[in-house]
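Structure record follows, encoded as C-alpha cells.
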Amino acid sequence: MVHPLTTRRHFLQTAATLAATPWPLLAAENRRPQVAVLFTEFTYRSHAHVILENFLEPYLFNGKQTDPGCDVVALFGDQFPEKEMGREISARYRIPLYDTIAQALCRGGQKLAVDAVLSIAEQGRYPVNELGQQEYPRKRFFDESVAVMRQSGRVVPFFNDKHLSYRWDWAREMYQTARELKMPFMAGSSVPLATRRPPFELPANAKLTKAVAVHGGPLESYDFHGIELLQSIVEARAGGETGVSAVEFFTGEALDKLLTDEGWRPLVDAALIAELGKIPDKLSEVGEENSDPPHALRLHYKDGLQGLVVRVGRSATRWNMAVQLAGENQPRATAYYVGPWQNRNLFKALSHAIQEFCRTAKAPYPVERTLLSTGILEAVLRARRDGKRLATPDLEIAYAPLDFRAMREMGDTWKIVTPEVPQPADIDLLGRNFQPNR
C-alpha cells in the first residue's frame, strides 16, 4: 500500500526543524576507517561484487593506482543463492561474516564498532509489487543500522546504493532520520560518474528549456538511473533545483506524438548521435534484438523546466544526455562511456566517491538528488498504472548542487583498461598489478 504523502510545506518545515540532537561521529583518529558492508546478494557482477572488489584491492581511477583508504572489517548477507561469493570472499580476506546487521555493526560486541556502513541492497529474490518495483530491503537495512547507532549514542556515515526505497514515505523517513541524527548520508546511482564523450559541462548559471536522458535498460531499475542522470545535470541550472510538480508516462502512439508535436525528437536524436554517430529512423528499431517498446517519463519542474527520460533499445550501457539552452538553436549532447566489461568498471568511480565519503563524512553530492529521484520514480510508476498525469506537490524539494568533478572518471583509465583487456572472473586485481610507465 502506498501511504499518503505529506504536503511540501510540512516536508520543508519538518526538515528545517530536525537536527535537534548533536549525535557525535567517531572521534577523529589517524587511521583508516573501518567499514561494515551489508548486502542482499553477493554473486558475480552483482552490485556487492563490483563495489566491494574496489574496497578489497587497489583499483584504477582516472588512470592511477588508487588505494581504497579504508578497510572492510565486517559483512552481513541477507541471501546466499547458488554460486554466491560472499562466504568465499569472507574466508579469503579474513573478514567476519555475521548473522545479523547488529552483529556486523558491533563486530560481535554490544556497541557500534565501525566507522562507516555500506548498504548494498540490490539483486536477490524479493517480492515485486503492483507498480513493478522489486521490494529490496533498503529501509530495513537502514533502520537496523540506525537502531545500533541510537543504542550506541553515536552515528557514522551511511551509504545507500541506488534509490532510498521503493516507497516514497519510507524514503522520506530515511532522509529525515539522517537529518535528525546528523548522520552523514550518501546514496544514488553510479552512472553520473561515467566518462562523458564528447566532454560536456553545463555552463555556469545555464538557463535550460528542455533536458533529455536516454537509457537502454528495463522499466523501473534503469529508469531510476536515467532519472538520477538527468538530475545530476539539471540540478546545476540557474537557480538550482526547485523540485518536480507533476510527472507523466508515455509509450506507443502517445510517445510518438509527444516527441513529434512538442519538440522533443531533436534532443533525443542528439543524445543518440553522441552514442551511435547517427539518427535511427525509428526509436523502436535502434538495433538491439528483443528490446521492449520505447517508453518515456516526463518531469514538469516547478521552475518551468521540462525533463524527459527515454528508454530506447536494449543496451545496458546506453546512457546519453542532451540539453537545450535558452537562446541556442542546437541541443548540446554527450554519451556516458562506462569502460569495458559492460557496467562493471563504472563502479570504480562510485567506489572512489564512497571511500571519500567514509574518510571525510561529507557526501560528494547532495543526498537530496537521490531523495527527489526516488520520489519521481515511484510517482511515475503510479502515473503509468493510472494512465494519467500525476501532480506531485510533495516533490517540490529545493536544494543546491555540489561540484562533484573530482569523483568522476575523466577517461584516463580507458587508456589502460581497453576492450582487449580480459574481464576478471573473480576479484579485479588489475589495480594491484598496475605498473605505470616510467
Checked GLU248, GLU228 against criteria (over 15 Å from VAL323 (Cβ atoms), in contact with a Ser or Thr (Cβ under 8 Å, 6 or more places away or on another chain) and charged (D, E, K, R)); the one match is GLU228
Examine the range 128-138 for a residue that is surrounded by fewer than 23 Cβ atoms within 10 Å (Cβ to Cβ) and part of a strand (DSSP E or B), and state whether such a residue exists. yes
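Consider the range 248-269. How many of its residues are part of a helix (DSSP H, G or I) and under 24 Å from the mean Cα position of the chain (by Cα)?
Here is the first cut: in the range 248-269, the residues part of a helix (DSSP H, G or I) are 252-261, 265-269.
Still in the list and also under 24 Å from the mean Cα position of the chain (by Cα): 267-268.
Matching residues across the range 248-269 total 2.
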Picked from the range 142-165 (must be surrounded by fewer than 22 Cβ atoms within 10 Å (Cβ to Cβ) and among the hydrophobic types (A, V, I, L, M, F, W, C)), the residue nearest to ALA187 (Cα to Cα) is VAL146
Is there a residue in the range 249-267 that is crowded, with 19+ Cβ neighbours inside 10 Å and of a type in the set (Val, Ile, Thr)? no
Review point. Does ALA147 meet the test of being of a type in the set (A, V, I, L, M, F, W, C), at pLDDT 95 or above and part of a loop (DSSP other than H, G, I, E, B)?
Key: no
By residue number, the members of the range 410-427 that are under 10 Å from LEU60 (Cα atoms) and charged (D, E, K, R) are ASP412
Taking the range 382-414 and keeping residues assigned to a helix (DSSP H, G or I), surrounded by 13 or more Cβ atoms within 10 Å (Cβ to Cβ) and not acidic (Asp, Glu) leaves ARG382, ALA383, ARG384, ARG385, PRO393, LEU395, MET407, THR413, TRP414
Could you go through the range 229-245 and let me know if any residue there is buried (at least 22 other Cβ atoms within 10 Å of the Cβ) and under 24 Å from GLU288 (Cα atoms). yes
When the range 381-417 is checked residue by residue, the ones that are in contact (Cβ under 8 Å) with a residue 40 or more places away in the chain and among the acidic types (Asp, Glu) are ASP394, GLU396, GLU409, ASP412
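Yes/no per residue for (1) closer than 21 Å to LEU75 by Cβ; (2) of a type in the set (Lys, Arg):
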{"site": "ARG138", "(1), (2)": "yes, yes"}
{"site": "ALA147", "(1), (2)": "yes, no"}
{"site": "ARG154", "(1), (2)": "no, yes"}
{"site": "ASN160", "(1), (2)": "yes, no"}
{"site": "TRP168", "(1), (2)": "no, no"}
{"site": "PRO192", "(1), (2)": "no, no"}
{"site": "THR195", "(1), (2)": "no, no"}
{"site": "GLY217", "(1), (2)": "no, no"}
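The values are calculated or read from the model by the stated rules, or taken from the named source; none is laboratory data. On a predicted model such as this, the values are computed, not experimentally measured, just so you know. Note: ideal-geometry Cβ built from the backbone for every residue, glycine included; neighbour counts use all protein chains shown.
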